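FYI, it's all coordinate maths here, none of it is from the lab. Nothing here was measured: the structure is a model prediction, and the numbers come from that model. Methodologically, a virtual Cβ is constructed for each residue, glycine included, from the backbone with ideal geometry; neighbour enumeration extends over all protein chains shown.
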Amino acid sequence: MTPGPDYAAPELKWGDVNCDGAITPIDALLLLQAAAGLPPAGCANLVDLDCDGALTASDARTLLTHLIDIAPLPAACPSSGTG
Ligand SMILES: [Ca+2]
Ligand SMILES: [Ca+2]
């Protein structure tokens, strides 16, 4: 059986903490949880938005300002693998 389009993995997006292909408030929540010390979600390598090597409240703030249209997301870090 050949997998159809429905089985395709969502495209990885910078800032998409839970790898579902969309940037939503859920991603900001998961990022805050990771900053608080809980295990990071699956695509946590995509959300070190200030490229300092750690997931912190600063990254969550950057994601939230993007979600409410105050500022665009910064460019992906060179080490993120998203190009
Ligand atoms: Ca997401
Ligand atoms: Ca960071």
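P(r) tail for region 11-74: Cα pairs beyond 20 Å make up 12% of the total. Residues D52, D59, D69 in ascending order of nearby Cβ atoms (within 10 Å, fewest first): D69, D52, D59.
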